[in-house]
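Shown next, in structure tokens, is the structure this report addresses.
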Amino acid sequence: MKVNKLMKRATMFLLVMVFLTQGMFVSAQSAPVEFNSDFIEIMPLWENVSSISLDLSYRNGNIGGVATIRGAAGTTSINATLTLERRTIFGTWTTVDTWTGSSNDTRLTVSGTAPGSRGVTYRLTVTATVVRNGVSETVTTSTQGSF
């Protein structure tokens, strides 16, 4: 008897749902194309810089950052500032530490470590000024990661 009554209620519920959806208008459009960074490499257009690599890592309670800037042929000097930031619970960034370096060659590596925590998002930013053939160019790039 209870099963019969439950079946009647379920059937009635389904009929009501079908009736209510009969007057609905539904439309659809194509989904936007999603960007997949695994397949597309975007390279900035720099005049004086051949490449910049950034590495952000966590090891033994420390956050490490390394930036390598390679100047194009004819580079006479590179000055760079490497900044490590930590994302706050409010979504803003606060500076943890800053390191600088300079070179009179076509390559410069700047690195540093600071105490860090797991479960936190960090951002590593390098700003470099590269002089080539008497022309100065300042470039900035960054990466971030959670550990």
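The values are calculated or read from the model by the stated rules, or taken from the named source; none is laboratory data. Bear in mind the structure is a predicted one, so any value in this text is a computation, not a measurement. Reconstructed Cβ throughout: ideal geometry from the backbone, glycine too, with neighbour counts over all protein chains shown.
Descriptive notes on the structure:
- Of the set (1) under 16 Å from Asn62 (Cβ atoms); (2) in a strand (DSSP E or B), all apply to Gly119 but (2).
- Flag if Thr76 is touching a Ser or Thr at 6+ places or on another chain (Cβ under 8 Å) and either closer than 18 Å to Thr141 by Cβ or modelled with pLDDT of 95 or more (or both): no
- Residue in region 57-66 that is at pLDDT 90 or above, closer than 30 Å to Val135 by Cα and of a type outside the set (S, T, N, Q) present: yes
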